[in-house]
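Down below is the structure, laid out as structure tokens.
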Amino acid sequence: MFRRLIPLVAVVAMVGAACGSGDSDDSRPPATQTTTSVPRTTSTEPQEPTTTTEAVDGGFPVAIDAPNGMVRIESKPERVVSISPTSTEVLFAIGAGEQVIAVDSMSNFPTNAPVTDLSAFTPSVEAIASFEPDLVFLSFDPGDIVAGLEAIGIPVILHGTALSVDDAYAQWEQTGAATGHFAEAVGLVADTVVNMETEFDSLPEQEVAMSYYYELDPTLYSVTSATFIGELLGPSGMMNIADAGDPDGSGYPQLNAEYIIASDPTLILLADTKCCGASGETVAERPGWDTLTAVVDDSVVELDDDIASRWGPRIAELVMDVVEAMLELEPSNA
Amino acid sequence: MTVALEFRDIGVAFGPHQVLHDVSVEVDAGGWLGIVGPNGAGKSTLLRTVAGAVPYDGSVLVEGLPIDSRSQRERAKLVAYVPQRPLFPAGMAVFDYVLLGRTPYLGPLAAESRDDISDVWEALEALHLVEFAARDVATLSGGETQRASFARVLAQKAPIVVLDEATASLDVAAQHEVLELIDRLRKEMGITVVSAIHDLTAAAQFCGRVALMDGGRIVGSGQPGEVLTEELLGTVFEPSIRVIDVDGSTVIVSLRTEETLSDQ
Amino acid sequence: MNAGRPSTTRLHWYWVVGATLVLIVAVIAGVMVGPIALSPVDIMASIINRVPFVSLDTELSVRDEAILWEIRMPRVILGVLVGSMLSAAGASYQGVFRNPLADPYLLGAGAGAGLGATIAIVYAPATSSWIVDPLPLAAFVGAIGGVALAYVLGYTVRSGRTAVTLILAGVAVASFLTALQTFLQQRDSDTLREVYGWILGSLNTAGWGDVALIAPYVAVCLSVVFIGRRLLDILAVGDTEAGTLGVRPGRVRLIFVIFATLGTAAVVSVSGLIGFVGIIVPHTVRLLTSASYRVVIPLSILVGGAFLVVADIIARVAISPGEIPIGVVTALIGAPFFAVVLRTSKGVVS
């Protein structure tokens, strides 16, 4: 169910954007570059402002090299429909929230997003078209939704599940470019990069490498380091116990309960708190789990499923939660 | 003589189709009643009322009491039934098949006793099936399966046996052998036999009483000589039917008419 | 003169001993083999230590003990219970419906359990605030509800309440419930993996709690089916003849369906919809021994338990430390194995 995507190539040309930005910041990439060139390791540089005025963007039409092909947007979209909880979060984070007229039923963040009963899992061309959008974001095309919308002249950007962190950043920047908020999007990426690096930098050297078990659901499905989440948590220096359990490379193996007990991960990260009610208490009640160091030391981290299952700007919060839990452990670990 | 089995005013309807109209016929204990008549006359339907396989109006009396006033098990101890085409389950040994006849004597959860087992061997012996005991019942020949079903009937030890076209699938010799066997068992064990029977000659030779059915009604009943006459059979079957005496035995045949013969 | 002669179809002692040995070997293997290597000597010592007043030294850490006693043992025991119950239920269904393709999910128990589980997963996220875990309860209720619905539908048919109308009603109910289940599942993509995982079946997270939850049901249902097994042979000659032999076919069928369903509902509520066991185990027994249910039922109980334990060993070690859904394993190893049995047998399957 996790779709493989062709890697995003990014925004091309035609974007006016940050060149005319008031702050003459050299680290800011010129907008004409592809977004893959946005510096990801800016820890030595000052944090950038996240807000820029809309005036700096605004050069329409733009052509977006989206995963579903080149999408041409003639003028600044004012009736954006997002059928993707991640896109909704990104749109609001880059200041495009006012242009959004409808989001799908699962888009519960931010809370002021105009939620409708549009389904992200079984989207319908007609239902989407009834909002008369001038731009649609999708995370999933189960059939011919993209083709259907394009056929009636509605530009669609299909931003599927991010396979890597860079993939996510490129999506954010495309979202910015498509809505006239490219500078903010670039700023958001840079901020996120910096924030997460600051978090990871606060970690002391691990004398013995820590390890983590990341739980997708109570039947012990997990993620490996090869996934988006695994890559996100890579700089923490922790070992992912799921890596050994994925011989076929799906990235999402179901782990054996015995193996988890024997691995005795330093941290247990629960990404199934909302869906499945997992918590520190329910984990401790599982047979044999009361012997786990993480349970005894109370280092079971209850993550927000929504953040963990999306690839939006709140990934920094997830990293913060994990780092915080690691820091609490440090004294005993040292 | 006491009446063993009596059909009283039996009516059967399948939806709008009335297939039996007030059928009344009885058989004395130890007797053999043959039900004869053309296809679709209602012979099988009448016998199926005994098995409880069709809903009916009127009553079926066994030894003077309505059959449905007795429990299913008591009924099975009194009346054994062999349908026109018995089901012989693949993979079931002949012994096990015959053993099913002991069912009415076992509690729902009880196992067969030593006596039940020896009853089965006796029945197998009576029907010359001992060497077939371990054979898969579904692999038997036509005559052998008939014997297997009679062995089951014997093991059931019911005083009344209802046979629906018991010999329909057999050749002349095998049919005769089976009918003789039934007659022997009837005489030796004093059982009452009610059978639907296609072969009029066989009915005339073996049945003490016959009931001739047509269109869901009894059109004649009594001794074979009274019922199986050319007049009556001629109206029910076809005019060309002949009742012939061969060395004291009645033979009933249908002759070709001059009309069809002259076509050749 | 024949009084001492035995009947031809008996549950021969060597069949029972053979099947019991298979089960014992499977259980021992299930306890010994796992993704985490524990030495057999230590496992034996740890087991003997459970005997009062005995204390042996073992190399097992506290965590190893937990793996052995909290995870592996209940998983093996649960495998035995689930495998035995599904096999006995499958054999019962095949008997009462005189249909070799019947399995425990025929009348909608599987579809009902799937719908119940999906409703629980989608609408009642498990939290510790529930007194009982809603998932097994909903699956249990769903399974029984599905079969009850099929029975009501099958018995309101005006003409002929036969086994066939009941099967058709079951097929209709199963399709309907599966459609509802799919509808709910598709509406709520967040829970898709959990629903899907449940449907494929797993013993991965089993504990003693699950064993205790289903053991009473399995014990009662297996006992009833075992004691009444002779009646299934009677039904083999058809409803009419069975009736003239003194049994009430409709009532016998109802009793077997009730207990087969109750047991199936109980086991699927904790294991998910493990398929194929209920068909191939009884048929394998039938092909290797006898078609009589006096033999098929008891041997299916023994062999079924062994089969699922072996399937579960494969599920947890084949791609260790990853897991393969056990339903996939039962089909993957079960189908070829069954094909071999089918080819080499004398072919007495009805």
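Read the figures in this text as sums done on the coordinates, not as results from a lab. For clarity, every value in this text was computed on a predicted model and none was experimentally measured. Virtual Cβ from ideal backbone geometry, glycine too; neighbours counted across all protein chains shown.
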Expressed as a whole number of Å, what is the distance separating the alpha-carbon centroids of the stretch C:178-249 and the stretch C:261-316?
11
Averaging over all projection directions, find the projected area of the Cα convex hull of chain B and quote it in nm² with one decimal place.
16.8
Using every pair of alpha-carbon atoms in the stretch C:270-338, split the distances into 10 Å bins beginning at 0 and state the percent of pairs per bin, rounded to integers.
21, 49, 24, 6, 0
Residues whose placed amide H lies under 5 Å from that of B:LEU5, excluding near-sequence neighbours:
B:VAL27, B:GLU63
Give the distance, in whole Å, between the Cα centre of the stretch B:209-229 and the Cα centre of the stretch B:16-40.
9
Going by average Cβ neighbours within 10 Å, how do the peptides A:67-80, A:257-270, A:154-167, B:117-130 rank, with the highest at the top?
A:257-270, A:154-167, B:117-130, A:67-80
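With Cβ to Cβ distances under 13 Å as the rule, what net charge do the other residues near C:GLY322 carry (K, R +1; D, E -1)?
Its environment carries a net charge of -4.
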So how long is each side of chain C along the principal axes, counting just the alpha-carbon atoms, biggest first, in Å?
65, 65, 39
D for the protein assembly as shown, whole µm²/s, Stokes-Einstein with Kirkwood Rh over alpha-carbon pairs at 4 °C and 1.567 mPa s: what number?
39
Please report the net charge: other residues with Cβ closer than 14 Å to the Cβ of A:THR219, K and R +1, D and E -1.
-3
Counted neighbours (other Cβ, 10 Å), sorted fewest up, put C:TRP13, A:TRP311 in the order C:TRP13, A:TRP311
Residue-by-residue Karplus 3J(HN,Hα) for the stretch A:103-115, coefficients 6.51, -1.76, 1.60, Hz, glycine and proline x:
10, 6, 5, 8, 6, 9, 9, x, 5, 8, 5, x, 5
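Using only DSSP helix segments of four residues or longer, with each worth -39500 (n - 2.57), what per-residue ellipticity at 222 nm results for the protein assembly as shown after dividing by its residue count and rounding to 500?
It lands at -14500 deg cm²/dmol.
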When chain C is modelled as a GNM with alpha-carbon springs shorter than 10 Å, which of C:ASP312, C:ASP188, C:ASP57 fluctuates the most?
C:ASP57
Report, in debye and to the nearest 20, how large the dipole of the protein assembly as shown comes out about its Cα centre when Lys and Arg carry +1 and Asp and Glu carry -1 on their Cβ.
5340
Which GluC sites (Glu not before Pro) from the stretch C:1-104 combine a DSSP loop assignment with at most 15 other Cβ atoms within 10 Å?
C:GLU59
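Would you work out the Kirkwood radius for the stretch C:142-238? I mean one over the mean of 1/r across all pairs of different Cα atoms, in Å.
Taking the inverse mean of 1/r over all distinct Cα pairs, the stretch C:142-238 comes out at 16.8 Å.
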Please list, or write none, the lysines whose alpha carbon is within less than 26 Å of the alpha carbon of B:LYS157, excluding same-chain residues fewer than 8 places away.
B:LYS43, B:LYS77, B:LYS187
Pairwise centroid distance, computed over Cα atoms, of the stretch C:47-103 with the stretch A:261-334, Å:
31
PRE zone check, label point 7 Å out along Cα-to-Cβ of B:SER141, amide N under 20 Å, scope the stretch B:158-202, hits B:166-182
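Just to be sure I follow the definition: excluding the sites themselves, where is the longest run in chain C that has none of the trypsin sites (Lys or Arg not before Pro) in a DSSP loop with at most 10 other Cβ atoms within 10 Å? Provide the component values of the computation, followed by the final result.
Working: sites that count: C:ARG50, C:ARG158, C:LYS346.
Answer from the scan: C:159-345.
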R0 = 60 Å: FRET efficiency of A:THR198 with C:ASP57, Cβ-based, nearest 0.05?
0.70
Of the DSSP H helices in chain C, those whose Cα atoms cover at least 27 Å axially and whose Kyte score averages 0.0 or more:
C:13-32, C:73-97, C:134-155, C:163-187, C:208-227, C:249-271, C:293-317
Can you pull the Rg over Rh of the stretch B:127-264, Cα-only, Kirkwood?
1.04
Out of residues 5 or more away from A:VAL301 or on other chains, whose amide H comes under 5 Å of its own, with H placed 1.01 Å from N in the peptide plane?
A:ILE268, A:LEU269, A:LEU270
Checking the cross-link filter: which aspartates and glutamates have an alpha carbon closer than 12 Å to that of A:LYS274, excluding same-chain neighbours under 8 positions apart?
A:ASP217, A:GLU302, A:ASP304, A:ASP305, A:ASP306, C:ASP190
Each label sits 7 Å from Cα toward the beta-carbon; between C:SER223 and C:ILE48 the label points are separated, in nm, by 3.5
So what is the relative contact order of the stretch C:13-344, in percent, for Cα pairs below 8 Å that sit 6 or more residues apart?
29
Between A:PHE60 and A:SER75, with labels modelled 7 Å along Cα→Cβ, what's the label distance in nm to one decimal, could you check?
0.7
When DSSP beta bridges are limited to those with both residues in the stretch A:202-333, what percentage is antiparallel, rounded to the nearest 5?
25
If N is the residue count of the stretch A:202-333, its Cα Rg over 2.2 N^0.38 Å rounds to 0.96
Given R₀ = 35 Å, what would the calculated FRET efficiency be for B:SER118 paired with C:VAL152, taking r from the Cβ atoms and rounding to 0.05?
0.15
Figure the gain on full extension for B:SER69 and B:ARG256 (residue separation times 0.36 nm, minus the Cα-Cα span) and round it to one decimal in nm.
62.4 nm
Want the number for B:GLU226 to B:ALA13: 0.36 nm per residue separation, take away the alpha-carbon distance, what's left?
73.7 nm
